[in-house]
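As structure tokens, the structure follows; a few thoughts come after it.
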Amino acid sequence: MASWPSFSWRFPPADDLQSEADSEILDKYDSIQREIEQLMIAKNHDYGEVWREMRVSSMTDLILMKLLRIKQIENQDGRTLVSEGLDANYADIVNYSIFALILRQYTTTQP
């Protein structure tokens, strides 16, 4: 299994934090991470694990579509009629990015 890049994906441990505000940010980060993970599990249940058959470039296209949708929603001052709002689009980008990282790692370790 390939190792992850040398950069850190996490905030420093709580005991190394500079302030109470940093601790609150870490708590919020962990909470949002759990919500996004639950969203991924729910969507995989509804749609299956189609992402496993996708190319990384397709994930990039999906991320770009979500970014364009975010810009559109922002230009409408956050108003939507039937589509998902900003938070859902950001969460989808996070999950697509993680799937792309998994696919990249998997494809670089296969013979």
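Exactly one condition in (1) modelled with pLDDT of 65 or more; (2) polar (S, T, N, Q); (3) farther than 23 Å from ASP92 by Cβ is false for SER3; which is it?
Exception for SER3: condition (1).
Could you please tell me which pairs satisfy a Cβ distance under 7 Å, a separation of 6+ or placement on different chains, a first residue in region 18-40 that is touching a residue at least 12 places away in the same chain (Cβ under 8 Å), and a second residue that is hydrophobic (A, V, I, L, M, F, W, C) and surrounded by 12 or more Cβ atoms within 10 Å (Cβ to Cβ)?
Cβ pairs passing all conditions: LEU26/PHE11; LEU26/LEU17; TYR29/PHE11; ILE36/ALA91; ILE36/VAL94; LEU39/ALA91.
Name, by its number, the condition in (1) over 22 Å from GLN105 (Cβ atoms); (2) loosely packed, with under 10 Cβ neighbours inside 10 Å that does not hold for GLU53.
(1)
Anything in region 27-46 that is among the aromatic types (Phe, Trp, Tyr) and either within 14 Å of TYR96 (Cα to Cα) or in contact with a strand residue (DSSP E or B) (Cβ under 7 Å, 6 or more places away or on another chain) (or both)? List them, or say none.
The first filter runs over region 27-46 and keeps only residues among the aromatic types (Phe, Trp, Tyr), leaving 29.
None; the set is empty.
Are any residues in region 48-107 of a type in the set (A, V, I, L, M, F, W, C) and either touching a Lys or Arg at 6+ places or on another chain (Cβ under 8 Å) or not in a helix (DSSP H, G or I) (or both), and if so, which ones? Steps first, please.
Looking only at region 48-107, we keep the residues that are of a type in the set (A, V, I, L, M, F, W, C), and these are 50-51, 54, 56, 59, 62-65, 67-68, 70, 73, 81-82, 86, 88, 91, 93-94, 98-103.
MET54, VAL56, ILE73, LEU81, VAL82, ILE93, LEU103 - these are the residues of region 48-107 that are of a type in the set (A, V, I, L, M, F, W, C) and either touching a Lys or Arg at 6+ places or on another chain (Cβ under 8 Å) or not in a helix (DSSP H, G or I) (or both).
Under the condition of being without any contact (Cβ under 8 Å) to a residue 24 or more places away in the chain and of a type in the set (D, E, K, R), which residue from region 56-76 is surrounded by the most Cβ atoms within 10 Å (Cβ to Cβ)? First the steps, then the outcome.
Quick first cut of region 56-76, residues without any contact (Cβ under 8 Å) to a residue 24 or more places away in the chain only: 57-58, 61, 64-65, 68-76.
Right, trim to of a type in the set (D, E, K, R) and you get 61, 69, 71, 74.
Numbers: ASP61: 13, ARG69: 18, LYS71: 10, GLU74: 10.
Checking each candidate, the answer is ARG69.
The values are calculated or read from the model by the stated rules, or taken from the named source; none is laboratory data. It should be emphasised that the depicted structure is a prediction, and the values quoted were computed from it without experimental measurement. No Cβ is skipped: glycine too gets one built from the backbone with ideal geometry, and neighbour counts run over all protein chains shown.
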